[in-house]
Amino acid sequence: MANAIGVVEFTSIARGIYTADQMVKISDVEIVTASSACPGKYIAIVHGDVAAVSDSVGVGERLAEEYFVDSLIIPNVSPAVFPAIAGTTVPERIQALGIIESFSLASMILAADAILKTADVQALELRLGNGLGGKAFFTFTGDVAAVNTSMDAGKAIAEEKGLLVNCEVIASVSDRLIPSLF
């Protein structure tokens, strides 16, 4: 059962591609995404069962060598993380809006998972580095109390790692802004 997600972040695109190939050869995992990210980084995200993801990430960390930035494994990842990475989530309506931004792609995935597990919120988008100068952000919606509670959980993770850029909550989003969120 594909209930775990693993991430390895690199400073070298060439080493990232090479290592992503090795990561999927060593274990029974599937690639969620493996791509370059600004500024000249590479991220490999895999999913599968916990043991396979752990083996795959271990290989990624070892082969990254001096190009290693960050890694993580989330054993029971929220299923809502996957469509958020793909940018394919469209909730019926936007209530309050939470926006959290980090300097680390891996840390943002961890924060997004915590946000989605903390309260009744829906993911909008988990953007990982492309066109963002190497940063990442996560947008999500729900009622104001749920968004605030979830934001606190995500913020704590990003702050603990020293990688939080900013976070904002918009209690009542303008109808004119909503189309730009997708």
> Leaving out ligands, DNA and RNA but keeping every protein chain, what accessible area does Met151 have, in Å² rounded to the nearest 10, with a 1.4 Å probe?
Replying inline: 10
> If you take the alpha carbon radius of gyration of the chain and divide it by 2.2 N^0.38 Å, what ratio comes out, to two decimals?
Replying inline: 1.00
>> Just to check I understand the Karplus step: with θ = phi - 60° and J = 6.51 cos²θ - 1.76 cosθ + 1.60, what whole-Hz values come out for segment 89-95, glycine and proline as x?
In response: 9, 9, x, 4, 8, 9, 9
>> Helix 144-160 against the longest principal axis of the chain: what's the angle in degrees, Cα atoms only, rounded to the nearest 10?
In response: 30
>> What percent of all Cα-Cα pairs in segment 32-140 falls into each 10 Å bin, going from 0 up to the bin containing the maximum distance?
In response: 14, 47, 32, 7, 1
> Out of every Cα-Cα pair in segment 93-133, what percent are more than 16 Å apart?
Replying inline: 37
> For Val69, what is the net charge nearby, where nearby means another residue's Cβ is under 10 Å from its Cβ and Lys, Arg count +1, Asp, Glu -1?
Replying inline: -1
> Taking θ as phi - 60°, what are the ³J(HN,Hα) couplings along segment 65-70 by the Karplus curve (6.51, -1.76, 1.60), each to the nearest whole Hz, with x for Gly and Pro?
Replying inline: 6, 6, 9, 6, 10, 6
>> If you take every residue apart from Gly131 with its C-beta less than 14 Å away from the C-beta of Gly131, what net charge results, scoring Lys and Arg +1 and Asp and Glu -1?
In response: +1
> Amide H neighbours of Gly87 under 5 Å, counting only residues 5+ apart in sequence or on other chains, H built in-plane at 1.01 Å?
Replying inline: Leu126
>> Given a Förster distance of 25 Å, report the FRET efficiency between Asp49 and Ala86 from their Cβ-Cβ distance, rounded to the nearest 0.05.
In response: 0.75
>> Under 8 Å for C-alpha pairs, at least 6 residues apart: give me the relative contact order for the chain, rounded to a whole percent.
In response: 23
>> Considering only protein heavy atoms and a probe of 1.4 Å, how much of the accessible area of the chain is carbon and sulfur, as a whole percent?
In response: 52
>> Quick check for you: with a 1.4 Å probe and neighbouring chains kept, what is the accessible area per residue of the chain, in Å²?
In response: 46
> Size of the dipole of the chain about the Cα centre, Lys and Arg at +1 and Asp and Glu at -1 on the beta carbon, nothing else charged, in debye to 20?
Replying inline: 320
>> Using 0.36 nm times the number of residues separating Asp120 and Ile13, minus their current alpha carbon distance, what extension gain do you get?
In response: 34.8 nm
> Can you tell which of Ser71, Ile115, Gly87 lies farthest toward the positive end of the dipole of segment 1-149, using +1 and -1 charges on the Cβ of basic and acidic side chains (Lys, Arg; Asp, Glu)?
Replying inline: Gly87
> Looking at segment 35-86 from every direction and averaging, what is the projected area of its Cα convex hull in nm²?
Replying inline: 4.1
>> Net charge within 11 Å of Val59 by Cβ-Cβ distance, Lys/Arg positive one each and Asp/Glu negative one each, not counting Val59 itself?
In response: -1
> Under the definition of Cα pairs under 8 Å and six or more residues apart, what whole-number percent is the relative contact order of segment 23-88?
Replying inline: 27
>> Distance cut-off 22 Å, Cα to Cα: go down the list Lys25/Lys161; Lys135/Lys155; Lys135/Lys161 and report the pairs above it.
In response: Lys25/Lys161
>> Whole-Hz ³J(HN,Hα) for each residue in segment 124-131, computed from phi via Karplus 6.51 cos²θ - 1.76 cosθ + 1.60 with θ = phi - 60°, x for glycine and proline: what do you get?
In response: 9, 8, 10, 9, 10, x, 5, x
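The values are calculated or read from the model by the stated rules, or taken from the named source; none is laboratory data. Predicted model, so just to flag it, every value in this text is computed and none were measured. All Cβ positions, glycine included, derive from the backbone under ideal geometry; neighbour counts span all protein chains shown. In case anyone asks, the SASA skips ligands and DNA or RNA and just uses the protein heavy atoms, side chains included. Shrake-Rupley method; radii C 1.70, N 1.55, O 1.52, S 1.80 Å.
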